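J.: So that we are looking at the same thing, I have put the structure below in structure tokens.
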Amino acid sequence: MTAQANANDAITQVADVDAYMTQLGQSARDAATQLRRASTAVKNQALLAVAAHLLAAREVIKAANAQDLERGRDKGLDAALLDRLALNDARIDAMIEGLHQVAALPDPVGEIDGLHTLPSGIELGQMRVPLGVIGIIYESRPNVTLDAASLCLKSGNACILRGGSEANASNIALSECITKGLADVGLPAAAVQMVKTTDRAAVGRLIAMPEYVDVIIPRGGKSLIERISADARVPVIKHLDGICHVYVDASADLDKAEAIAINAKTHRYGVCNAMETLLVDEPIAAQLLPRLAEVYFEHGVELRGCERARAIVPQMNAASDEDWATEYLAPILSIRIVDGIEEAMAHIERYSSRHTDAIVTESYTLARRFLAEVDSSSVMVNASTRFADGFEYGLGAEIGISTDRLHVRGPVGLEGLTTRKYVVLGDGQIRQ
């Protein structure tokens, strides 16, 4: 019998989901205490040990993934979902490389910022510390298991992982490699735990035990994230939609505007930082839109425009009010002609999901206004929205995007998985 078969048998033996999740939470809390004592060197050794176990278990992982793919086809999963689910040699190599990259990143834990001496003679600063226990709920992509585990481990957090049922065998095979890597360096197995039941009640319990879990990070579709946000009793780091805009101002360099607008939409369609609405200032619309439309049509992008945009490019379909509020994640683009930056920012204020919005302009004054007044987690001047990504921002990796205001906003990397505490250094001072 294979390791995956044993793992799947174990799933059916979880009779009391509440008790099972409570045990995971207690174990994670204990592990988090031990992780606070782990040095950067030990955490890095653990990551490299996990990478070595992935390399050794390549065929086992692919066999487990084949089971998931077969079940997915039997259930009628579409081609896009099956592609996200699939693990081949290239994707396993990417996971191994990702572990090496995270190991090479600077460790934020223990950094002390702003250390200064107060009149009393004490020194005061703020130290970066782990959040504690992080629950991560995700769908489809088994590579998230490694992404989440590596970032949590490097930042000193214990984590409880709940992957999608469609990737169950793959996730268990990957988690076995993680457990072995932790054991190799003497870290507790409970530092990274995989929820081994597909019962949806497990998610309900995970998001409602603040005594054990400090933060929840959901990664998946809008319906999943809405449910988690509505029901969670612990803080949630998340974004719901990626309705991203590019506004091309009348002063824009048209070649620059074309390159940015094409890249923001066509570089990849099914990602949260792809442009979904293009706003064009009226004085340049007749020059710019035909150029853009030609390239978009070559890429197979369906255009949906306002009346003024359709007058310039008649091949556009008519845009509805619903289009302005839709994250397509597909080769579809909404286009609206606006009268200046005021109307552009009003449109963004009404329809933006606060993810990423950009302006293309040669006006320093308008660029500064856009940066100051557009309330999104990433605001850009003369750059593609596709740059809103942890790797592109130099974070090394990301665990997700946050459009919330607390406690982190934008791509969430290692630093976003930490918080701060005040530290005081004294030499016998007493308060007078």
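J.: Mind checking the per residue accessible area of region 1-158 for me, 1.4 Å probe, whole number of Å²?
T.: Solvent-accessible surface per residue comes out at 46 Å².
J.: When DSSP beta bridges are limited to those with both residues in the chain, what percentage is antiparallel, rounded to the nearest 5?
T.: Roughly 30 percent of the DSSP beta bridges within the chain come out antiparallel.
J.: Contact order normalised by length for the chain, with contacts defined as Cα pairs under 8 Å and 6 or more residues apart; what percent is it?
T.: On the way: 847 pairs, mean separation 77.0, N = 432.
Once divided by the residue count of the chain, the mean separation gives 18 percent.
J.: Share of region 283-398's accessible area from carbon and sulfur, percent, 1.4 Å?
T.: Working: 2670 of 5410 Å².
Its accessible area is 49 percent carbon and sulfur atoms.
J.: Roughly how many Å² is the accessible area per residue of region 310-432, as a whole number, for a 1.4 Å probe?
T.: Value for region 310-432: 51 Å² per residue.
J.: Roughly speaking, to the nearest percent, how much of region 134-273's 1.4 Å accessible area is carbon and sulfur?
T.: The value for region 134-273 is 47 percent carbon and sulfur by accessible area.
J.: Where a ≥ b ≥ c are the square roots of the eigenvalues of the C-alpha gyration tensor, would you call the chain rounded, which needs a/c under 1.5, or, failing that, prolate if a/b is larger than b/c, or oblate?
T.: oblate
J.: Out of residues 5 or more away from THR419 or on other chains, whose amide H comes under 5 Å of its own, with H placed 1.01 Å from N in the peptide plane?
T.: VAL129, LEU131
J.: Would you please give the FRET efficiency between GLU111 and GLN429, computed as 1/(1 + (r/R0)^6) with r the Cβ-Cβ distance and R0 = 25 Å, to the nearest 0.05? Walk me through the numbers before you get to the answer.
T.: Details: r = 24 Å, r/R0 = 0.97.
My answer for the efficiency is 0.55.
J.: Only loop residues by DSSP count here, and only those with at most 12 other Cβ atoms within 10 Å; note down the trypsin sites (Lys or Arg not before Pro) in region 180-270 that meet that. If you can, show how the numbers build up before the last one.
T.: Working: sites: LYS180, LYS196, ARG200, ARG205, ARG219, LYS222, ARG227, ARG233, LYS238, LYS256, LYS265, ARG268; in loops: LYS196, ARG200, ARG233, LYS238, ARG268.
When the trypsin sites (Lys or Arg not before Pro) of region 180-270 are filtered for loop state and at most 12 Cβ neighbours within 10 Å, ARG200, ARG233, ARG268 remain.
J.: Here is a further query. Summing Lys, Arg as +1 and Asp, Glu as -1, what charge do residues with Cβ under 10 Å from the Cβ of GLY400 carry, GLY400 excluded?
T.: Details: positive: ARG219, LYS238; negative: ASP147, GLU398.
Charge balance near GLY400 sits at 0.
J.: Taking the simple approach of a point 7 Å from Cα along Cα-to-Cβ for both GLU415 and GLU294, what is their distance in nm?
T.: According to this spin-label approximation, the distance is 4.4 nm.
J.: Still on this structure, please answer the following. Looking at the chain, which longest stretch skips every one of the chymotrypsin sites (Phe, Trp or Tyr not before Pro) that is in a DSSP loop with at most 14 other Cβ atoms within 10 Å, leaving the sites themselves out?
T.: On the way: sites that count: PHE391, TYR393.
Answer - 1-390.
J.: By how many nm would the segment from LEU254 to ALA66 lengthen if fully extended, with 0.36 nm per residue of separation less the alpha-carbon distance? Before the final figure, lay out the partial values.
T.: Details: separation 188, 0.36 × 188 = 67.68 nm, distance 4.84 nm.
Once the chain is fully extended between LEU254 and ALA66, it gains 62.8 nm.
J.: Within the chain, what's the longest run with no GluC sites (Glu not before Pro) in a DSSP loop and at most 15 other beta-carbon atoms within 10 Å? Give the range, please.
T.: Maximal segment without exposed cleavage sites: 212-361.
J.: Cysteines of the chain lacking any other cysteine beta carbon under 4.7 Å?
T.: CYS177, CYS244, CYS272, CYS306
J.: What's the center-to-center distance, using Cα atoms, between region 183-203 and region 38-61 in Å?
T.: 16
J.: Starting from 0.36 nm per residue, how many nanometres of slack lie between ASP18 and SER223 once their C-alpha separation is accounted for?
T.: Length gained, ASP18 through SER223: 71.5 nm.
J.: Would you mind checking LYS154/LYS238; LYS154/LYS421; LYS62/LYS222 for any pair whose Cα atoms are more than 22 angstrom apart?
T.: Beyond 22 Å between Cα atoms: LYS62/LYS222.
J.: Run through the DSSP bridge list for region 305-432 and note the antiparallel percent, rounded to the nearest 5.
T.: Of the beta bridges lying entirely in region 305-432, close to 35 percent run antiparallel.
J.: For ALA104, put the label point 7 Å out on the Cα→Cβ axis and report which residues of region 45-60 keep their amide N under 19 Å from it.
T.: Only 45-55 fall inside the zone, counting backbone N under 19 Å.
J.: Where does the chain land at 222 nm, in deg cm²/dmol rounded to the nearest 500, when only DSSP H runs of n ≥ 4 count, each adding -39500 (n - 2.57), divided by all residues?
T.: Computed ellipticity for the chain at 222 nm equals -14000 deg cm²/dmol.
J.: Further question: Checking a compactness column here: for region 315-432, what do you get for Rg(Cα) / (2.2 N^0.38 Å), N being the number of residues? Walk me through the intermediate numbers first.
T.: Numbers: Rg = 19.9 Å, N = 118, 2.2 N^0.38 = 13.5 Å.
Output field value: 1.48.
J.: Taking 4 °C and 1.567 mPa s as the conditions, I'd like the Stokes-Einstein D for region 66-210 in µm²/s, using the Kirkwood hydrodynamic radius from alpha carbon pairs.
T.: So the translational diffusion coefficient is about 75 µm²/s.
J.: Now for a separate question. Just need log10 I(q)/I(0) for region 224-349 at q = 0.11, 0.13, 0.18, 0.23 Å⁻¹, Debye formula, equal scatterers on the alpha-carbon atoms, no solvent, rounded to two decimals.
T.: -0.39, -0.53, -0.91, -1.43
J.: Given the options SER363, SER175, SER120, state which has the largest fluctuation in a GNM of the chain using a 10 Å cut-off (strictly under) for Cα springs.
T.: SER120
J.: Please give the Cα centre distance for region 126-171 versus region 309-364, rounded to the nearest Å.
T.: Cα centroid to Cα centroid, the span is 35 Å.
J.: For ALA208 and ARG73 in one chain, what is 0.36 nm times their gap in residues minus the Cα-Cα distance, to one decimal in nm?
T.: Length gained between ALA208 and ARG73: 45.3 nm.
The values are calculated or read from the model by the stated rules, or taken from the named source; none is laboratory data. All values derive from a computational prediction rather than experimental measurement. Using ideal geometry, Cβ is built from the backbone for each residue, glycine included, and neighbour counts are taken over all protein chains shown. Heads up: the accessible areas ignore ligands, DNA and RNA and are worked out on the full protein's heavy atoms, side chains in. Shrake-Rupley method; radii C 1.70, N 1.55, O 1.52, S 1.80 Å.
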